[in-house]
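Notes follow the structure.
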Amino acid sequence: MPSIPTEGTGTLAAKGVDESLDLGRRHWALLRQPSRVGRAVTIPLTAAAFLALHHWGGIAPVRLWLLFLILALAGLVSALAEALWPADCTNRQLHYRVAVDIAATTAVIYTTGWGPTLAIGYVFVVANEFTKHGSRVWHTALVWTIAGIIVGQVAIATGVAHTKVSEPEVHGLAALALLGTIFIMRLLGWTTAQKEQAEAMVRSSELRFRSLVQNASDAICVIDAEGRIATVTPAIELVTGYRPEEYHGKVGFDFIHEADVAQAGELYVGALESPGRVLRGELRTRHRDGTWHWVEVRIMNLLDDPNVNGLVANFRDVTERREFEEKLTYDAYHDHLTGLSNRTAFHEALKRALARSQRRVQPIGVLFFDLDRFKLINDSLGHDIGDRLLVEVAERLRGCLRPEDAVSRFGGDEFAVLLEDVAALDDVTQVADRVLDALRQPFGVAGREIFLTTSIGVVVCSGTSAEPGELLRQADQAMYRAKGGGGARWELFDERLSPPMVERLELETELWRAVERQELVVYFQPEVSLCTGAVHGLEALVRWQHPERGLLPPGSFIPLAEETDLVVAIDQYVLGEACRVARGWMDTLATVVVSVNFSPRWLRRPLAFEEIDAIVEASGLDRHLLQVEVTERLALGDEDAVITLGRLRDTGVSVAVDDFGTGHSALGYLRRFPIDVIKLDRSFVDRVDRVSPEAAIVQAVIDLGHALGMTVTAEGVERAEQVDRLRSLGCDRAQGHYFARPLPVAEVAAFVGGERRPTLTT
């Protein structure tokens, strides 16, 4: 009965098979070495050839045993030389090794009697040395080859060696063979050197490329067709905290935030379907510390490239950039003090609500209100108390409204509420009553008990095609009627009680005449260098010297002018006056730049550049002393106006973005549009001297502006602490009531001369 092999027997058998296979592999590895294969094959074949030639008399009459002995000794000493002096030997050792090979070759070929006619044997020997030692063997081989042929010829001449070729022909053949051998060896040396140089360049390029890839800040990942990670560079640890080996063989989607997996899948499929095309996206990837980091991904399909055979994805950590952009976006739509949405966000929400109301034929309500006598609180208790009070007001508003109701702070002490899904007017007025009641309760701020009241304007719109601006104007008018009635109440907008359009037309007519009669007056507000304290520029600000109402600020007539081309006439007048006065200052004052605000309506006109250029040319003002200011919204959205600004800038006029941060702030347009100066809005400057998000934003904007080669000016500076903080943040210039209010022309010289200028704090 056959025995069943035990586990130990099987293991021994398997071990024996493995040892046999390993022995075979070692023998095969030995045979793969060219020099050993050459000796193992060449020497027996040469011996067989010598035996046949000796039998037929084709070689010198040397005893056969001596011939075989010389052949065997030649192979033996060559093998010993190779073992004793390997490929990385010194130059002296290389001479020893080549000398042994040449001597062995000389002994063999001259023993046969054919001497120099077999000089090709030297070439074969030297060729083998070239493969081991490179081009440096050329001179050494040449020296010993010449020596070998000379020794062989001397042996023939003295009768020590036999020759099948008669003398002196054999010596002539030796000379020719030597020349041919020298030529061939020189050619081998040159080609080997070229090959070494090319290989060195390839190695250097590979090492440089590997170093760049290994030390790049961007992580590079190769993904196979099944979505598994095949290769990833060490930079991945900088991005995600995970070591490269922790990714190998895993599915890349496992590290992506579940909300971004769909987008990652689209990128992956898109890359598979579009070889050679770069696809981009931003995803969240898991970090070792448990957080999610935003990365910018660029992926390309290189499956058809045999050197890659995968999809190549580049990863760059953009978390800080995303957070900054989200902060800018948040600030663009939110009030920095209360956290409520701002005027821009409310306007857009109202626009969407009106569209829904028109589709559903369902009314919406708007409440617009401000706090009664709030200025008294600011003036008596200070702005800090006023700010804290506004924050408390915002909290109470949130508490008395539904979560879906939109509440916004428009600025100062003005608030607005948007009510959707209301059934009737009573629903809106009930909310107004709740707001009144909530704000009547005393506020405890800084150890004080403060009582507030508010006046509310109410507008209800049902299924009409009203515009957001019109509804807000109506609510504003109703609010002023509530204030006129004593405050602490709400008033419903009544069109019959609103100012008639005739009054608007009369006001517009008066404004046209004001331009014609030169009732407009240009004041100048200084802009001071925070580095030197010198006046760098003066911003031209228009006022209306009304014959009956007195000096009117721009807010009382510019909004009306902006609705018509009247604002263009005002801009043209202000530009002409500013340039004329500034031209006179060129001769009497230090060099100062005059800034003029331009409306979008003028800049988008086809001949705007020609009109502006003609006014400046007529004044004689140096164009480098003129700066035009435009709003942030204009810089973003009006291509015609931007073209005009670019042409002005080409003539030497500088361009400033006014009220930066209050519009749709975006980083891209700062690089794409012709901008020289960023003017930070006063809403950011107001709290810059405190520990606040605004200070961080101001620092970021200053750094960004400087990186783009722009100057940064802070507006609305009112306190010495703000000056100190802005200087420490690297802000270039500032303007505001701390330095001076807008000055009439007659007072500008005294201020620029330093007679009335406040000194910078240290």
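Scanning for something buried (at least 17 other Cβ atoms within 10 Å of the Cβ) and either at pLDDT 85 or above or within 20 Å of VAL657 (Cβ to Cβ) (or both), does segment 752-761 turn up at least one residue?
Among the residues of segment 752-761, not one is buried (at least 17 other Cβ atoms within 10 Å of the Cβ) and either at pLDDT 85 or above or within 20 Å of VAL657 (Cβ to Cβ) (or both), which makes the answer no.
Identify, by number, the condition in (1) under 14 Å from ILE220 (Cα atoms); (2) of a type in the set (Asp, Glu); (3) over 21 Å from the mean Cα position of the chain (by Cα) that GLU273 doesn't meet.
Against the list (1) under 14 Å from ILE220 (Cα atoms); (2) of a type in the set (Asp, Glu); (3) over 21 Å from the mean Cα position of the chain (by Cα), GLU273 comes up short only on (1).
Can you give me the number of residues within segment 367-385 that are within 43 Å of the chain's Cα centre (by Cα) and farther than 24 Å from ARG719 by Cα?
Residues flagged as within 43 Å of the chain's Cα centre (by Cα) and farther than 24 Å from ARG719 by Cα within segment 367-385 amount to 1.
What do you reckon, is LEU67 out of contact with any Lys or Arg (no Cβ under 7 Å at 6 or more places or on another chain) and either open to solvent by less than 20 Å² (accessible area, probe 1.4 Å) or under 15 Å from THR46 (Cα atoms) (or both)?
Numbers: out of contact with any Lys or Arg (no Cβ under 7 Å at 6 or more places or on another chain): yes; either open to solvent by less than 20 Å² (accessible area, probe 1.4 Å) or under 15 Å from THR46 (Cα atoms) (or both): yes.
Yes: the conditions hold for LEU67.
For every residue, the table says whether it meets (1) of a type in the set (Gly, Ala, Ser); (2) free of Cβ contacts under 8 Å to residues at least 12 places away in the same chain; (3) in a helix (DSSP H, G or I); (4) out of contact with any Lys or Arg (no Cβ under 7 Å at 6 or more places or on another chain).
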| site | (1), (2), (3), (4) |
| --- | --- |
| ASP305 | no, yes, no, yes |
| VAL308 | no, no, no, yes |
| PHE315 | no, no, no, yes |
| THR344 | no, no, yes, yes |
| HIS347 | no, no, yes, yes |
| LYS351 | no, no, yes, yes |
| ARG356 | no, no, yes, yes |
| ARG359 | no, yes, yes, yes |
| LEU367 | no, no, no, yes |
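Within segment 456-465, can you find the residues that are at pLDDT below 85 and touching a helix residue (DSSP H, G or I) at 6+ places or on another chain (Cβ under 6 Å)?
Answer for segment 456-465, where residues must be at pLDDT below 85 and touching a helix residue (DSSP H, G or I) at 6+ places or on another chain (Cβ under 6 Å): just GLY463.
Among the residues of segment 676-702, write down those that are open to solvent by 20 Å² or more (accessible area, probe 1.4 Å), over 30 Å from GLY646 (Cα atoms) and among the hydrophobic types (A, V, I, L, M, F, W, C).
VAL691, ALA696
Take ILE229 and decide whether it is crowded, with 16+ Cβ neighbours inside 10 Å and either out of contact with any strand residue (DSSP E or B) (no Cβ under 8 Å at 6 or more places or on another chain) or modelled with pLDDT of 85 or more (or both). First the steps, then the outcome.
Values: crowded, with 16+ Cβ neighbours inside 10 Å: yes; either out of contact with any strand residue (DSSP E or B) (no Cβ under 8 Å at 6 or more places or on another chain) or modelled with pLDDT of 85 or more (or both): yes.
Spelling it out, ILE229 is indeed crowded, with 16+ Cβ neighbours inside 10 Å and either out of contact with any strand residue (DSSP E or B) (no Cβ under 8 Å at 6 or more places or on another chain) or modelled with pLDDT of 85 or more (or both).
Among the residues of segment 554-580, write down those that are open to solvent by 70 Å² or more (accessible area, probe 1.4 Å), out of contact with any Ser or Thr (no Cβ under 8 Å at 6 or more places or on another chain) and in contact (Cβ under 8 Å) with a residue 24 or more places away in the chain.
Residue satisfying the conditions is ASP565 alone.
Take the conditions more than 30 Å from GLU282 (Cα to Cα), at pLDDT below 90 and open to solvent by 20 Å² or more (accessible area, probe 1.4 Å) and apply them to ALA406. Does it pass?
So ALA406 fails the test.
Which is part of a helix (DSSP H, G or I), open to solvent by 50 Å² or more (accessible area, probe 1.4 Å) and either closer than 22 Å to VAL712 by Cα or in contact with a Ser or Thr (Cβ under 6 Å, 6 or more places away or on another chain) (or both), of ARG583, ARG601?
Only one candidate passes the filter, namely ARG583.
Which ones in segment 50-64 are modelled with pLDDT of 75 or more and either open to solvent by 60 Å² or more (accessible area, probe 1.4 Å) or in contact with a strand residue (DSSP E or B) (Cβ under 7 Å, 6 or more places away or on another chain) (or both)?
Those that are modelled with pLDDT of 75 or more and either open to solvent by 60 Å² or more (accessible area, probe 1.4 Å) or in contact with a strand residue (DSSP E or B) (Cβ under 7 Å, 6 or more places away or on another chain) (or both): TRP56, PRO61, ARG63.
Taking the condition modelled with pLDDT under 80, of a type outside the set (S, T, N, Q) and open to solvent by 20 Å² or more (accessible area, probe 1.4 Å), does TYR96 pass? Outline the logic, then answer.
Numbers: modelled with pLDDT under 80: yes; of a type outside the set (S, T, N, Q): yes; open to solvent by 20 Å² or more (accessible area, probe 1.4 Å): yes.
Here the answer is yes, as TYR96 does meet what is asked.
Restricting attention to segment 510-548, report how many residues are within 37 Å of the chain's Cα centre (by Cα), outside any strand (DSSP E or B) and surrounded by fewer than 22 Cβ atoms within 10 Å (Cβ to Cβ).
The qualifying residues number 4.
Of all residues in segment 327-360, count the ones that are surrounded by fewer than 15 Cβ atoms within 10 Å (Cβ to Cβ) and of a type in the set (A, V, I, L, M).
Total satisfying the criteria: 1.
Mind checking which residues of segment 703-715 are modelled with pLDDT of 90 or more and open to solvent by less than 20 Å² (accessible area, probe 1.4 Å)?
Across segment 703-715, the qualifying residues are MET710, VAL712, THR713, ALA714, GLU715.
If GLY241 satisfies all but one of (1) surrounded by fewer than 16 Cβ atoms within 10 Å (Cβ to Cβ); (2) under 20 Å from ARG321 (Cα atoms); (3) touching a residue at least 60 places away in the same chain (Cβ under 8 Å), what's the number of the condition it fails?
Of (1) surrounded by fewer than 16 Cβ atoms within 10 Å (Cβ to Cβ); (2) under 20 Å from ARG321 (Cα atoms); (3) touching a residue at least 60 places away in the same chain (Cβ under 8 Å), only one is false for GLY241: (3).
Residue by residue, here is whether (1) surrounded by 18 or more Cβ atoms within 10 Å (Cβ to Cβ); (2) assigned to a loop (DSSP other than H, G, I, E, B); (3) among the charged types (D, E, K, R); (4) at pLDDT 80 or above holds:
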position	(1), (2), (3), (4)
ARG605	no, yes, yes, yes
ILE612	yes, no, no, yes
LEU621	yes, yes, no, yes
GLY646	no, no, no, yes
ASP658	yes, no, yes, yes
HIS664	no, yes, no, no
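Looking only at segment 176-200, filter to residues that are closer than 16 Å to TRP114 by Cβ and of a type in the set (A, V, I, L, M, F, W, C); which one of those is surrounded by the fewest Cβ atoms within 10 Å (Cβ to Cβ)? Step through it out loud before you land on a result.
Going residue by residue through segment 176-200, those that are closer than 16 Å to TRP114 by Cβ are 176-178, 180-181.
Filter once more, keeping what is of a type in the set (A, V, I, L, M, F, W, C): 176-178.
Details: LEU176: 12, ALA177: 19, LEU178: 20.
Looking at the filtered set, the residue picked out is LEU176.
Going through ALA478, ALA488 one at a time, which residue ends up being modelled with pLDDT of 80 or more, farther than 25 Å from SER357 by Cβ, open to solvent by less than 40 Å² (accessible area, probe 1.4 Å) and small (Gly, Ala, Ser)?
Criteria check complete, one pass: ALA488.
Just wondering, is there one or more residues in segment 68-82 that are modelled with pLDDT under 75 and over 28 Å from VAL151 (Cα atoms)?
The answer is no, given that none of the residues of segment 68-82 is modelled with pLDDT under 75 and over 28 Å from VAL151 (Cα atoms).
Tell me which residues, restricted to segment 85-104, are among the polar types (S, T, N, Q) and under 23 Å from ILE149 (Cβ atoms).
Result: ASN91, single match.
Condition check: without any contact (Cβ under 8 Å) to a residue 24 or more places away in the chain, open to solvent by 60 Å² or more (accessible area, probe 1.4 Å) and of a type outside the set (Lys, Arg). Does ASP640 satisfy that?
No, not satisfied.
Among the numbered conditions (1) among the β-branched types (Val, Ile, Thr); (2) free of Cβ contacts under 8 Å to residues at least 60 places away in the same chain; (3) part of a helix (DSSP H, G or I), tell me where THR329 comes up short.
(2)
The values are calculated or read from the model by the stated rules, or taken from the named source; none is laboratory data. Everything numeric in this text was worked out from a predicted model, so none of it was measured. Please note: Cβ atoms are built from the backbone with ideal geometry, for glycine as well, and neighbour counts cover all protein chains shown. Side chains are part of the model used for accessible areas, which takes the heavy atoms of the whole protein and leaves out ligands, DNA and RNA. Shrake-Rupley method; radii C 1.70, N 1.55, O 1.52, S 1.80 Å.
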